[in-house]
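Right, one structure below, let's go through it.
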Amino acid sequence: MAIFKGAGVAIATPMKENLEVNYDKLDELLEEQIAGGTDAIIICGTTGESATMTEEEHAATIRFAIERVNHRIPVIAGTGSNCTRTAIQLSKEAQEDGADGLLLVTPYYNKATQNGLIAHYTAICNEVNIPAILYNVPSRTGCGLQPQTVATLVKDVENIVGIKEASGNISTVAQIMHLCDGNVDLYSGNDDQVVPLLALGGIGVISVLSNVAPTYVHDMCYKFFSGDIAGSRKMQLDALPLIDALFCEVNPIPVKAALNMMGKEVGTLRAPLTEMEDAHKEILKKAMIDLGIL
């Protein structure tokens, strides 16, 4: 039931000067990603600034991406919320609009117990019949999915098929794969851990780096799949300076700066996010030049 294999881009949301969503620019970004070999579009995730979108904007942006991509590659809609009712509503709308799958972040701020997480995800997925990917990123949400919780959800909820693992804890990931007996689609949620997670049985990445290097990330995954582990590992290690630069300030501040350096004109960020500091921009620019992106 894998939604995709390889490199999925957690795509940035371009903004106009008045901070409305710039759909013309989003259309350009989608086309460039498809042309660059990206294997899936993840729309309205963290990198897409979904946290500062209204529910109406959120749904409209997802709908736009689905229509423009038009089944060429899968479109996965970020429809998680810290309110179960809201997550259900967004998920149902995304399904109706033709999303190929859902990305569901753990509830943030109010958080939840592990039993609460099971109830939350079960309630959402019982209202839709498209596949869903759990999203574990405790550094942002303050709420982590424990391996046994993941295993329970994967076993008991038919359309929970995968997990985006961004805990950074390789031991946690290994335990998830052990308890799920391989019956879960594992995606790295950290660009600096793609190859290590592929080695544990992962099938891809949901990537920030893919915004600026779609072909590179796709090729890194497929070298691994084809048995060229050394080549894949070299690409992972060569990209580390750029990956570090893309996360030297809170995502998506650096990646939007990088896209603008590339002439993509994706605009600025919605508050409380602010423009990247000049010193960090210089580090980012050098890393992009060194990897051949600028």
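The tail of the calculated P(r) for the stretch 1-79, taken as Cα-Cα distances beyond 17 Å, holds 39 percent of the pairs.
Sorted from longest to shortest, the spans of the Cα atoms of the stretch 144-294 along the three principal axes equal 47, 39, 24 Å.
When the GluC sites (Glu not before Pro) in the stretch 95-201 are filtered for DSSP coil states and for at most 15 other beta-carbon atoms within 10 Å of their beta-carbon, the remaining sites are E127, E158. Only aspartates and glutamates eight or more places from K281 in sequence, or on another chain, were considered; those with a Cα closer than 17 Å are D244, E249, E265, D290. Per residue of the chain, the DSSP helices (runs of n ≥ 4 H) give a summed -39500 (n - 2.57) that works out to -13500 deg cm²/dmol at 222 nm.
DSSP assigns beta bridges within the chain; of those with both partners inside it, close to 5 percent run antiparallel. Could you point to the residue in I3, N211, M276 farthest towards the positive end of the chain's charge dipole, with +1 and -1 charges on the Cβ of Lys/Arg and Asp/Glu respectively? With unit charges placed on the Cβ atoms, the residue in question is I3.
Solvent exposure of H120, expressed as accessible area, is near 10 Å², computed with a probe of 1.4 Å over the protein chains only. The modelled label-to-label distance between R72 and K111, using points 7 Å beyond Cα along the C-beta direction, is 4.3 nm. Once the Cβ-Cβ distance of R85 and Q146 is raised to the sixth power relative to R0 = 25 Å, the FRET efficiency obtained is 0.55. Restricting the stretch 201-294 to GluC sites (Glu not before Pro) that sit in a DSSP loop and have at most 15 other Cβ atoms within 10 Å of their own Cβ leaves E265, E275, E277.
F247 sits with roughly 90 Å² accessible to a 1.4 Å probe, with DNA, RNA and ligands left out of the calculation.
For the chain, the C-alpha radius of gyration sits at 0.93 times the compact-globule guess of 2.2 N^0.38 Å, with N the residue count. As a calculated quantity, the FRET efficiency between N18 and S139 at R0 = 35 Å, using C-beta atoms, amounts to about 0.65.
Quick one: of K155/K234; K92/K164; K164/K223; K164/K256, which pairs are farther than 25 Å apart, Cα to Cα? Flagged as over cut-off: K155/K234. Taking the three principal axes of the alpha carbon atoms in the stretch 35-105, the coordinate ranges are 36, 23, 18 Å, sorted in descending order.
Please get the size of the charge dipole for the stretch 81-174, origin at its Cα centre, with Cβ charges of +1 on Lys and Arg and -1 on Asp and Glu, quoted in debye to the nearest 20. Walk me through the numbers before you get to the answer.
On the way: 6 positive and 8 negative charges, 83 e Å.
Approximately 400 debye in magnitude.
When you filter the GluC sites (Glu not before Pro) in the stretch 1-83 for DSSP loop state and at most 11 other Cβ atoms inside 10 Å of their Cβ, you are left with E17, E20.
The values are calculated or read from the model by the stated rules, or taken from the named source; none is laboratory data. Remember, it's a predicted structure, so these values are computed and weren't measured experimentally. FYI the Cβ positions are ideal-geometry reconstructions off the backbone, even for glycines, and counts take in every protein chain you see. The area values use the complete protein model at the heavy-atom level, side chains included, leaving out ligands, DNA and RNA. Shrake-Rupley method; radii C 1.70, N 1.55, O 1.52, S 1.80 Å.
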